[in-house]
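Chemist: Encoded as structure tokens, here's the structure I'll be asking about.
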């Protein structure tokens with residue numbers, strides 16, 4: 001048997017009384033866990049814990065090299081105080097998990113991946129301000145964690161951000177995969193705020209949406225087989241309910 005710290009990143013029902021959970025663990029990375037007997041009192045308690053986004057401590061009948069490991073015991077790894085009671089925070093949590101599961105698929109630093117995601121789950125649970133910024137901040141921090149994040153050390157804002165190369169540049173790149181003009185400045189100011197504690201920029205909902213779309217494309221350029229998170233559409237409805245930008249009606 002083996003005890004592990006983990007975060008449930010996907011759950012699938014298996015038959016009438018079992019569930020298969022993919023758990024990102026600090027010790028072994030992503031492992032598949034099967035929990036049976038969900039109709040029993042103990043099984044129902046396990047089912048309540050094995051929900052996407054839940055931090056758990058598990059004891060497994062672990063067999064090295066096996067594709068799946070049977071669950072013996074599960075306990076809460078961190079008791080979330082606000083996320084389960086907030087539609088907005090619950091949706092944000094699913095976005096964090098969705099992005100992390102895709103990004104960590106080929107990343108071998110299991111322990112640092114677990115602690116990175118766990119830190120952001122705790123911060124989301126305790127946070128009450130600027131919730132709409134969470135997707136941007138998470139993806140920017142994650143790109144730094146994975147080693148392909150932009151540099152925000154230059155003292156002056158250049159004109160463009162090259163999504164393919166992952167760099168700011170004063171010269172217009174010879175392709176269309178860029179963040180330009182005011183959006184690049186906002187992106188640069190947000191990065192400096194996160195990295196150096198400078199004052200935060202003003203970001204309206206349309207700019208947030210454009211920057212988030214750009215970051216998803218940025219990840220697709222730098223992580224093999226990275227897929228746009230399905231939860232992205234849910235967040236768009238929560239934070240950007242109006243489909244038209246201020247200029248959409250102009251000729």
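Chemist: I'm trying to understand the selection: among the residues of the range 46-68, which are farther than 21 Å from residue 116 by Cβ and either crowded, with 18+ Cβ neighbours inside 10 Å or under 26 Å from the mean Cα position of the chain (by Cα) (or both)? Explain how you work it out, then say what you get.
Modeler: First, pick out the residues of the range 46-68 that are farther than 21 Å from residue 116 by Cβ: 46-50, 59-68.
Residues satisfying the conditions are 46, 47, 48, 49, 50, 59, 60, 62, 67, 68.
Here is a yes/no grid of residues against (1) part of a loop (DSSP other than H, G, I, E, B); (2) buried (at least 16 other Cβ atoms within 10 Å of the Cβ); (3) not assigned by TED's automatic domain parsing to the domain that holds residue 132:
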residue: 150; (1), (2), (3): yes, yes, no
residue: 154; (1), (2), (3): yes, no, no
residue: 168; (1), (2), (3): no, yes, no
residue: 191; (1), (2), (3): no, yes, no
residue: 202; (1), (2), (3): yes, no, no
residue: 208; (1), (2), (3): no, yes, no
residue: 213; (1), (2), (3): no, no, no
residue: 228; (1), (2), (3): yes, no, no
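Chemist: If you take the residues in the range 22-54 that are in contact with a helix residue (DSSP H, G or I) (Cβ under 7 Å, 6 or more places away or on another chain) and outside any loop (DSSP other than H, G, I, E, B), which one is farthest from residue 7 (Cα to Cα)?
Modeler: Only one residue tops the list, namely 35.
Chemist: Look at residue 78 and say whether it is touching a strand residue (DSSP E or B) at 6+ places or on another chain (Cβ under 7 Å), surrounded by fewer than 21 Cβ atoms within 10 Å (Cβ to Cβ) and under 20 Å from residue 142 (Cβ atoms).
Modeler: Numbers: touching a strand residue (DSSP E or B) at 6+ places or on another chain (Cβ under 7 Å): yes; surrounded by fewer than 21 Cβ atoms within 10 Å (Cβ to Cβ): yes; under 20 Å from residue 142 (Cβ atoms): yes.
So residue 78 fits the description; yes.
Chemist: Here's something else I'd like to know. State whether one or more residues within the range 91-110 are free of Cβ contacts under 8 Å to residues at least 60 places away in the same chain, under 23 Å from the mean Cα position of the chain (by Cα), assigned by TED's automatic domain parsing to the domain that holds residue 230 and closer than 24 Å to residue 236 by Cα. First the steps, then the outcome.
Modeler: Keep residues of the range 91-110 that are free of Cβ contacts under 8 Å to residues at least 60 places away in the same chain, which gives 93, 96, 107, 109.
Imposing the further condition that a residue be under 23 Å from the mean Cα position of the chain (by Cα) reduces the set to 93, 96, 107, 109.
Checking which are assigned by TED's automatic domain parsing to the domain that holds residue 230 leaves us with 93, 96, 107, 109.
With the extra rule that they be closer than 24 Å to residue 236 by Cα, the set shrinks to 93, 96.
Checked the range 91-110: at least one residue is free of Cβ contacts under 8 Å to residues at least 60 places away in the same chain, under 23 Å from the mean Cα position of the chain (by Cα), assigned by TED's automatic domain parsing to the domain that holds residue 230 and closer than 24 Å to residue 236 by Cα.
Chemist: For the range 128-148, which positions are part of a loop (DSSP other than H, G, I, E, B) and within 18 Å of residue 168 (Cα to Cα)?
Modeler: Filtering the range 128-148 down to residues part of a loop (DSSP other than H, G, I, E, B) leaves 128-130, 147-148.
Matches in the range 128-148: 147, 148.
Chemist: I've got another one for you. Within the range 2-37, which residues are over 22 Å from residue 94 (Cβ atoms) and either surrounded by 15 or more Cβ atoms within 10 Å (Cβ to Cβ) or in contact with a strand residue (DSSP E or B) (Cβ under 6 Å, 6 or more places away or on another chain) (or both)? Walk me through how you get there before you give the answer.
Modeler: Within the range 2-37, the first condition is being over 22 Å from residue 94 (Cβ atoms), and the residues that meet it are 2-4, 15-18, 27-28, 34, 36-37.
If the condition is that a residue be over 22 Å from residue 94 (Cβ atoms) and either surrounded by 15 or more Cβ atoms within 10 Å (Cβ to Cβ) or in contact with a strand residue (DSSP E or B) (Cβ under 6 Å, 6 or more places away or on another chain) (or both), then 2, 3, 4, 18, 27, 28, 34, 36 are the ones that fit.
Chemist: If I ask for residues that are within 17 Å of residue 216 (Cα to Cα) and assigned to a loop (DSSP other than H, G, I, E, B), which ones from the range 170-182 would you list? It would help to see each step written out before you state the result.
Modeler: Narrowing the range 170-182 to residues within 17 Å of residue 216 (Cα to Cα): 176-180.
Matches in the range 170-182: 176, 177.
The values are calculated or read from the model by the stated rules, or taken from the named source; none is laboratory data. Keep in mind that this is a model prediction, so the values were computed, not measured. Cβ coordinates were reconstructed from backbone atoms using ideal geometry, including for glycine residues, and neighbour counts include every protein chain displayed.
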